[in-house]
Amino acid sequence: MTTRWGLCGAGKISHDFSVAVKTLPPEDHQIAVIASRSIERAKDFAKKHGIPKTYGSYEELASDSDIDIVYLGVLHTEHWRVGLLFLKAGKNVLCEKPFAMNSRQVKDLVEEAKKSNVFLMEAIWSRCFPVHAEVRRLLAEEAVGEVKLVKAYFGSPQLHVPRSVEKELGGGALLDIGVYCLQFVLMVFNGERPESVQATGVLLDSGVDESVVVVMKFSGKRMALCVFSIATRLPNDAVISGTKGSIKVLGPMHCPTKLVVDGKETEHPLPEPCLPLNFTNSTGLRYEAEEVRRCLLKGLKESPRMPLSESVLLTEIMDEIRKQVGVVFSQDRQ
């Protein structure tokens, strides 16, 4: 049984997702349709990727009964509105990160998915990488003893990118790349709510966060430190320090291929893309496509690798960070 995908949005991430899906068996995955607000863009995209069907509106995709799941690759300021459109139409949805602009919007999406009895997952692709699966295995075995400190860094010079710096486009380091650091911490601590979150940062003139440092305290005297910035390059790695050793996810920590456990390195290489990619290691998007297929075949309504409750917690933490740093979006006032 082939999983038939409908793509919503003909931008850079949808391109990379399409290339990644081509590294999987065609009898398992097929991109059946692409929808864009511009039919010309949809047709150009379809031609490039060999997609049989095109739509010039998201509403047409929402009423297509021949697809199993929608991949939502539009700008995150649109996730809430467009996500609700598909969920209300009874469509399963894989929504790009960040899930939405704030926790109220995320809760709306989660509630609608439950009401419509459909599958919903935030596309935190990191969770589906073999390196992260290995990290979870090592933690379950207590390979480094009791975890005391988690550190995650992500810095990428993006001040020239409009969607990274403009408030109307949901810009800022937190929602774009900081989310990866925070989700890593939550993965290590099994989705536990931190006892305290302390954040400080600097803002751009546009009112979005340029660089942020977050310290979180968890039960049992455990700590986490996250540093992220759209102004400078950082090590982009993540380190888990335990009482008996350490686990280091080498950069890029959000889409990793290398892991160092107590000085011993292992590698999980990615397949080669058939077309040039927009983002680092994007053929790794195949892993989240596989996870979605696994869940759908099992009849699950959410992924155990990225449960909806954890997406809600993640956004609540981000709301708190924005409050402390002073970033307010128009969506927060609605």
>> Can you order the peptides 314-322, 242-250 by their average number of other Cβ atoms within 10 Å per residue, highest first?
In response: 314-322, 242-250
> Considering the chain, which cysteines have no disulfide-compatible partner, defined as another cysteine with its Cβ under 4.7 Å away?
Replying inline: C8, C95, C128, C255, C274, C295
>> At 1.4 Å probe size, put E310, E192 in order of accessible surface, largest to smallest.
In response: E192, E310
> Pairing the Cα long axis of helix 130-140 with the longest principal axis of the chain, what angle in degrees results, from 0 to 90 and rounded to the nearest 10?
Replying inline: 40
> Of all DSSP beta bridges in the chain, what percent run antiparallel (nearest 5)?
Replying inline: 55
> Which links in K53/K167; K12/K47; K151/K264 stretch past 23 Å when you go from one Cα to the other?
Replying inline: K53/K167
>> Can you tell me, using C-alpha contacts under 8 Å and at least 6 residues apart, the relative contact order of the chain as a whole percent?
In response: 20
> Taking 1 over the mean of 1/r across every pair of different Cα atoms in the stretch 186-334, what Kirkwood radius in Å do you get?
Replying inline: 18.2
>> Could you sort the peptides 57-65, 268-276 by per-residue average Cβ neighbour count (10 Å cutoff), highest mean leading?
In response: 57-65, 268-276
> Which one, (i) 69, 51, 41; (ii) 54, 43, 39; (iii) 90, 51, 40, gives Cα extents along the principal axes in Å as derived from the coordinates shown?
Replying inline: (ii)
>> What's the ranking of 212-225, 126-139 by average number of surrounding C-beta atoms within 10 Å, highest first?
In response: 126-139, 212-225
>> How charged is the neighbourhood of P235? Take every other residue with its Cβ under 12 Å from the Cβ of P235, and add Lys/Arg as +1 and Asp/Glu as -1.
In response: +2
> Using the alpha-carbon atoms, what tilt in degrees (0 to 90, nearest 10) does helix 308-325 show relative to the longest principal axis of the chain?
Replying inline: 60
> Using alpha carbon centroids, what distance separates the stretch 94-168 and the stretch 185-259, in Å?
Replying inline: 12
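The values are calculated or read from the model by the stated rules, or taken from the named source; none is laboratory data. Keep in mind the model is a prediction, meaning the values are calculated, not measured. Counting neighbours? That spans all protein chains shown, and the Cβs are built from the backbone with ideal geometry, glycine included. Areas reflect the complete protein model, heavy atoms only, side chains present, ligands, DNA and RNA absent. Shrake-Rupley method; radii C 1.70, N 1.55, O 1.52, S 1.80 Å.
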